[in-house]
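Trainee: One structure, as C-alpha cells, below. Some questions next.
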Amino acid sequence: MSELEPLLESARKLQPDVVALRRAIHAEPELGLDLPKTQARVLAALEPLGLETRLHERTSGIVATLRGARPGPTLLLRADMDALPMSEDNDLPFRSRHEGRMHACGHDAHTAMLTGAARLLAERREELMGNVVFMFQPGEEGHFGAHFMIEEGVLEGVDAAFAIHITPLLPPGRIGTRSGPLMASADVFSASIRGRGGHASMPHDCADPIPVACEAVQALQSFVTRRINVFDPVVLTVSKIQAGTTNNVIPESAEIQGTLRALSPASRERAVEGLQDVIRGVAAAHGLEAETRHFAGYPVTANDAGFARFSLDVARDLLGARGAIEMPSPVMGAEDFSYVLEKVPGAMVFLGVRPSGVEHPAPCHSNRMLLDEDGMAAGTALHAAVAMRFLERGGLGG
Ligand code: NI
C-alpha cells in the first residue's frame, strides 16, 4: 500500500462537504472577473483552516497560503471559479438558477475539490516541509483571470504549480496528462474585405466582396495544409462570415472571423502572419482590399516534462496502476493556466468524471454537461498528494 492511499480515504470522507459546495456554486453561476457569491462561499469553506488569505484587488481571486511546520519549497495549486454565458438544459435539483449562466466546464467542481484539498493539507500541516499556495481564480473563460492574478504577484515565491481540469470523456477518477503541450493557444482573427457595391445584375460595375471572402476561406485551408508543419499543427477555423442584405444588391464589404489554435509559439507566429497575408493577397488578386485584425488570446499550455511524469507517478500511487494514463496527443482547447506555466514549471492534468451508463457523454461547454461527482474524490486527493510528495522531496528531485 502506498503512503498516499490514506489521502484518498480522507478525501472520500470529505465528499459530502465537497459535493455540497460544488452544487451550491453550480446553482448560482457567476461570470467573468467578478464572482462575489462564489468568492464568499470559498472564503467560508477556508475560514476554519487558519490559512493566510489574501483577496485579489482587481478581481474576485483568492490567494490562500498554508505554511508547513518546516521550511521548504512552495507549490501552487490552482482552481478556476467562473461559469459560461449559456443556459443549462439539465434537469437537476441544483441546476443553474440563472438563465444564460452555467457551470458547463466543471469550474464549480475544480473550486470545491481545491477547498477539500486545502482541508486535507491543513490537517497535515505538521508533516509539511514547505508551503502550499491555493489560487482560486476568476475569469478563466476568456477573461484572463490568471494573467491578472500573476500581475498582482500570486506567483511570488512559488516554485511550481499544479492544476486539475475535469473531463466527462474519461472514466470517473481516471487521470490523464502528458509532457509538453497539453492545450493549444487560442487567437481570434477577423477581416473586412472591401470592394464596391452595386446592382447584383451588373457585377462587372462593382467589386464583389462575397466570392473573394469565400475564396479567402478556401485559401486559408490550403495555407494550413501546405505551409504549416504537420508535426507542429494548427487548427484554423473560419467560424463566421457575414455579407449582404438581399438578393439584388452586391454589398460593399464582407466580414470573416475565426479562431486559430496552435501548439507551439513558432507555428502560432507563422500562422498569425501567414493568414493575414493570404487574406490580403486573395483580395488584392481580385482588385479588392482587406483589412485584417488579430487578437492574441491564451498561449499554449505546456506541461513541464518532469512535473507531468511526477503527476502521473503520484496519481498511480494514489489511484492504482490503471488510475493514470499518458495522453498520446494534446487537445486544441485553451486554458489561462498557460500563463502560470509560462512562469513556473508545473502541470495540468485531466480528471475523468464520465457519468455512468452514458454512451456519448456531453463534453465540457455543452448545455447538457453532467459529471459523476464520485470522481471528484480522486481530484481532491490528488491535489493534496501532489503537494505532499512535492514538499517531501524538496521539489521534483529525489
Ligand atoms: Ni475549463
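Just so it is clear, none of the values below were taken in a lab; they were calculated from the coordinates. Just so we're clear, the structure is a prediction, and the values are computed from it rather than from any experiment. Note that we place each Cβ from the backbone using ideal geometry, even for glycine, and neighbour counts take in every protein chain shown.
Trainee: Using a 10 Å cut-off around each Cβ, can you sort I175, I250 from fewest to most neighbouring Cβ atoms?
Mentor: I250, I175
Trainee: What residue among H365, Y339, G352 has its Cα farthest toward the positive end of the dipole of the stretch 268-398, where the charges are +1 on Lys, Arg and -1 on Asp, Glu, each on the Cβ?
Mentor: Of the options given, the answer is G352.
Trainee: Residue separation times 0.36 nm, minus the C-alpha to C-alpha distance between M202 and R58: what's the value?
Mentor: Result for the pair: 46.2 nm of gain on full extension.
Trainee: Tell me, what is the percent relative contact order of the stretch 253-380, built from C-alpha pairs under 8 Å that lie six or more residues apart?
Mentor: Normalised by residue count, the contact order of the stretch 253-380 is 21 percent.
Trainee: Next question. Under a Cβ-only charge scheme (Lys and Arg +1, Asp and Glu -1), can you give me the dipole magnitude of the stretch 13-163 about the Cα centre, in debye to the nearest 20?
Mentor: Here the size comes out at about 520 debye.
Trainee: Express the relative contact order of the stretch 185-295 as a whole percentage, based on alpha carbon pairs under 8 Å and six or more residues apart in sequence.
Mentor: 42 percent
Trainee: Does anyone have the angle between helix 265-285 and the longest principal axis of the chain? Alpha-carbon axes, 0 to 90°, nearest 10?
Mentor: Tilt of helix 265-285: around 20 degrees.
Trainee: Now, a different point. Quick check: the angle from helix 5-27's long axis to the longest principal axis of the chain, C-alpha only, nearest 10 degrees?
Mentor: Roughly 50 degrees, rounded to the nearest 10.
Trainee: Further, regarding this structure: Of all DSSP beta bridges located in the chain, what percent are antiparallel, nearest 5?
Mentor: In the chain, DSSP labels about 65 percent of beta bridges as antiparallel.
Trainee: Whole-Hz ³J(HN,Hα) for each residue in the stretch 188-205, computed from phi via Karplus 6.51 cos²θ - 1.76 cosθ + 1.60 with θ = phi - 60°, x for glycine and proline: what do you get?
Mentor: Each residue's phi maps through the Karplus curve to give 10, 10, 8, 8, 10, 9, 10, x, 9, x, x, 7, 5, 7, 10, x, 5, 8 Hz.
Trainee: Oh, and also: When a footprinting reagent is the concern and you count Cβ atoms within 10 Å, what order do L182, L370 take, fewest first?
Mentor: Ranking L182, L370 by Cβ neighbours within 10 Å, fewest first, gives L370, L182.
Trainee: Could I ask something else about it? So who's got an amide H within less than 5 Å of the one on I325, skipping anything under 5 residues away but keeping other chains? H placed 1.01 Å off N, in plane.
Mentor: I175, G176, T177
Trainee: OK, next. Highest GNM mean-square fluctuation, the chain, Cα pairs closer than 10 Å: which of H360, H165, H383?
Mentor: Among H360, H165, H383, the largest GNM mean-square fluctuation belongs to H360.
Trainee: Using a Gaussian network model of the chain with C-alpha springs under 10 Å, which one of G50, G176, G357 is most mobile by mean-square fluctuation?
Mentor: Of G50, G176, G357, the most mobile in the Gaussian network model is G357.
Trainee: Remind me, relative contact order of the stretch 58-214 in percent, using alpha carbon pairs under 8 angstrom and six or more residues apart?
Mentor: That works out to 31 percent.
Trainee: Using a simple spin-label model with points 7 Å from Cα along the Cα→Cβ vector, what separation in nm is obtained for R322 and H286?
Mentor: 5.6 nm
Trainee: Using the count of nearby Cβ atoms within 10 Å as a rough guide to exposure, how do M369, M86, M202 rank from fewest to most?
Mentor: M202, M86, M369
Trainee: Return one number: the angle in degrees, 0 to 90 and rounded to the nearest 10, between the long axis of the Cα atoms of helix 305-319 and the longest principal axis of the Cα atoms of the chain.
Mentor: The two axes meet at around 50 degrees.
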